[in-house]
Amino acid sequence: MVQVEKYIPAHKAAWDAFVHRSKNGTFLLQRDYMEYHADRFTDHSLLFYRKGKLIALLPANEAGKEIQSHGGLTYGGIISDNRMKVSIMLEVFEVMLQYFKQCGFDKINYKTVPHIYHQAPAEEDLYVLFRNKGRLYRRDVTSAIDMAQLFGYSRKRKWEVSKAKRNNIKVELSLDFAGFMRIEQELLKERYDIPPVHTVEEITCLANLFPNQVKLCAAFEESLMLGGIIIYETPAVAHCQYIAYTARGKELGVLNVIIDYLLTKVYQDKKYFDFGISTEQQGAYLNEGLISNKESYGARAVVHDFYEIVL
């Protein structure tokens, strides 16, 4: 009873409206976000209908003989609304697997949406992945603070935050994304010899497209930016997308002041504050120093799973 259609631009309004009312979708799944880097991916997203009504979406792209859901996004499996039930999800997967098999693809690499981003329980796909012999091939660990059950800072972190606050640093929301990204570029170049995932132009474009979701909180000494955090704000989560600081910013402890400001002044009513992952090599390596730093603020582990289905 489930029918499937491949996404075309004429579906944009219906797609975005469904994401907006879904129980596990965020602005990252809206077409304007998905398509800022459309030149890098061959889109093969799907829409699922039942009794003539749109019931689910799959953001996806082609990668040779494989389907990724979606290679350009942090997360993005089946997006559904409050009408989704396990029995219906079984039908959705049956139709999806048959469709991609008939298209000649060999397998699907499926990214789940971590549960903290759900606005209502939405793990029907996890059960159906199990039923369809989905193989867990990657598990990342992100660190999140449950804002309703604060564990508090570690003793050392409390001291560092208190010390940093005495350094006459001004913290505020800023629109100088270009200035921040220059700091990010220099930091990544120095540490890892790699560029940021987004260019200055891309992050500025996304901030203009989604001004209520993409925000920059920065620290200044007089008028000089010393560091900042770009936040991706979704209904349930404030997520740290980029964190960067200058040598002077590190000396003055600006990240302590920024994070404390975000936790106590900006996002105290948000459900979760997510610092991002501390794993590398598809989850096989844990950066213990990095995760320990996040845990010192009271963050604890949330996993993000990736599955492979052979067609």
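Quick notes on this structure:
- Förster radius 25 Å - calculated FRET efficiency between residue 209 and residue 21 (Cβ-Cβ, nearest 0.05): 0.80
- The chain: most fluctuating residue of 184, 94, 123 per GNM, C-alpha cutoff 10 Å: 94
- Helix 86-102 axis, angle to the chain major axis (alpha carbon atoms, nearest 10°): 80 degrees
- Whole-Å distance, taken between Cα centres, linking region 124-142 and region 165-208: 34 Å
- Relative contact order [Cα under 8 Å, 6+ residues apart], region 32-178, whole percent: 17 percent
- Gaussian network model of the chain, Cα within-10 Å springs - most flexible of 109, 168, 256: 168
- Angle of helix 177-192 to the longest C-alpha principal axis of the chain, folded into 0 to 90 degrees and rounded to 10: 90°.
- Farthest positive-ward along region 2-132 dipole, Cα basis, beta-carbon charges - from 110, 33, 54: 54
- Proxy reagent accessibility, fewest Cβ within 10 Å first, across 240, 103, 217: 103, 240, 217
- Relative to the dominant Cα principal axis of the chain, helix 12-21 is inclined by about 70°.
- Diffusion coefficient (Stokes-Einstein, Kirkwood radius over C-alpha pairs, 37 °C, 0.692 mPa s) for the chain: 159 µm²/s, rounded to a whole number.
Computed from the coordinates by the stated procedures, all read-outs in this text should not be read as laboratory data. This is a predicted model, so every value here is computed, not measured. Quick reminder, even Gly has a Cβ in these numbers, built from the backbone with ideal geometry, and neighbours come from all protein chains shown.
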